[in-house]
Amino acid sequence: MNQAYSQTTIGSLKLLDTVKSELIAYFRHLGQRVERHAYAIPEDKFWEKPFPFGNSLGHLILHLTGNLNHYVGSGIAGTGYVRNRTLEFTDTNRYPREQTLQRFREALDLVVRTIENMDEPAMLRSVTFPDKHPINTQFGLVMVCAAHMNNHIGQMAWLVQAFGYHTGEPPVW
């Protein structure tokens with residue numbers, strides 16, 4: 001019985017390590033894609049909207065930064081970050097592209113550190129956000145944040161194309 005427990009524990013640790021390393025690799029991959037889109041257009045287009053609806057690339061990056069700081073930073077890592085979601089889409093400041101990307105990188109680094117520090121109980125811990133439905137665990141919240149980033153990267157691709165540029169990246173899937 002002791003040996004079976006040891007094998008189960010070892011298997012569980014291998015799975016946890018694999019989940020963590022895959023999540024980290026995917027967040028880093030998504031971060032690189034955000035940067036490729038941000039640098040694919042001239043800086044003077046970074047805060048422009050090519051359509052009468054939607055967002056600028058700069059505002060999408062502000063939104064992703066706020067999302068990661070809110071859900072992973074405040075919700076899991078306990079940073080105390082207070083989100084102003086509306087401002088993520090309406091901020092009239094035209095921050096330099098590099099400053100905006102640096103804040104995004106810092107949020108991404110926070111996500112990576114948070115995942116690295118999560119053990120199995122942390123992954124399985126219940127989340128308390130009122131808008132978390134149907135997610136129940138911190139693992140689920142991290143997973144949804146990755147999906148959310150991927151969704152907005154798709155929007156970024158359309159914005160880059162609308163301005164007549166491209167990232168040069170091959171189809172990802």
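Odds and ends about this structure:
- Just one of the numbered conditions (1) at pLDDT below 95; (2) in contact with an Asp or Glu (Cβ under 8 Å, 6 or more places away or on another chain) is not true of Arg36: (1).
- Residue check for Ala122: among the aliphatic types (A, V, I, L, M), over 18 Å from the mean Cα position of the chain (by Cα) and surrounded by 14 or more Cβ atoms within 10 Å (Cβ to Cβ): yes
- Remark: pairs (first residue in the range 87-105, at pLDDT 95 or above and charged (D, E, K, R); second residue surrounded by 14 or more Cβ atoms within 10 Å (Cβ to Cβ) and not in a helix (DSSP H, G or I); Cβ separation under 7 Å; 6+ apart in sequence or on different chains) = Arg94/Trp47; Arg97/Phe46.
- Any hit, the range 9-24, residues being out of contact with any Cys (no Cβ under 6 Å at 6 or more places or on another chain), at pLDDT 95 or above and under 19 Å from Val160 (Cα atoms): no
- Selected residue [more than 21 Å from Gln155 (Cβ to Cβ) and among the acidic types (Asp, Glu)] from Glu48, Glu35, Glu43, Glu120: Glu120
- Leading residue by the ranking (farthest from Leu60 (Cα to Cα)) among those in the range 79-102 that are touching a helix residue (DSSP H, G or I) at 6+ places or on another chain (Cβ under 7 Å), of a type in the set (Lys, Arg) and surrounded by fewer than 17 Cβ atoms within 10 Å (Cβ to Cβ): Arg83
- Candidates Glu106, Glu98, filtered to the one that is more than 21 Å from Ile135 (Cβ to Cβ) and either under 12 Å from the mean Cα position of the chain (by Cα) or of a type in the set (Gly, Ala, Ser) (or both): Glu106
- Checked against (1) in contact (Cβ under 8 Å) with a residue 12 or more places away in the chain; (2) more than 20 Å from Ala40 (Cα to Cα); (3) within 19 Å of the chain's Cα centre (by Cα), Asp131 passes all but a single condition, namely (1).
- Residues being in a loop (DSSP other than H, G, I, E, B) and under 12 Å from Lys20 (Cβ atoms) - total across the range 109-148: 2
- Scan of the range 92-132 for residues that are under 14 Å from Tyr71 (Cβ atoms) and among the basic types (Lys, Arg), ordered by number: Arg125, Lys132
- Screening Asn67 with (1) in contact (Cβ under 8 Å) with a residue 60 or more places away in the chain; (2) out of contact with any His (no Cβ under 8 Å at 6 or more places or on another chain) gives one miss only, at (2).
- Residues in the range 129-143 that are hydrophobic (A, V, I, L, M, F, W, C) and either crowded, with 16+ Cβ neighbours inside 10 Å or at positive phi (or both): Ile135, Phe139, Leu141, Val142.
- Within the range 141-173, the set of residues being among the hydroxyl-bearing types (Ser, Thr, Tyr) and within 14 Å of Phe27 (Cβ to Cβ) is empty.
- Condition check for His70: under 19 Å from Ala147 (Cβ atoms) and modelled with pLDDT of 95 or more: yes
- Among the residues making up the range 77-97, a single one is in contact with an Asp or Glu (Cβ under 9 Å, 6 or more places away or on another chain) and part of a helix (DSSP H, G or I): Arg97.
The values are calculated or read from the model by the stated rules, or taken from the named source; none is laboratory data. Everything numeric in this text was worked out from a predicted model, so none of it was measured. Neighbour counts run over all protein chains shown; Cβ positions are idealised from the backbone, glycine included.
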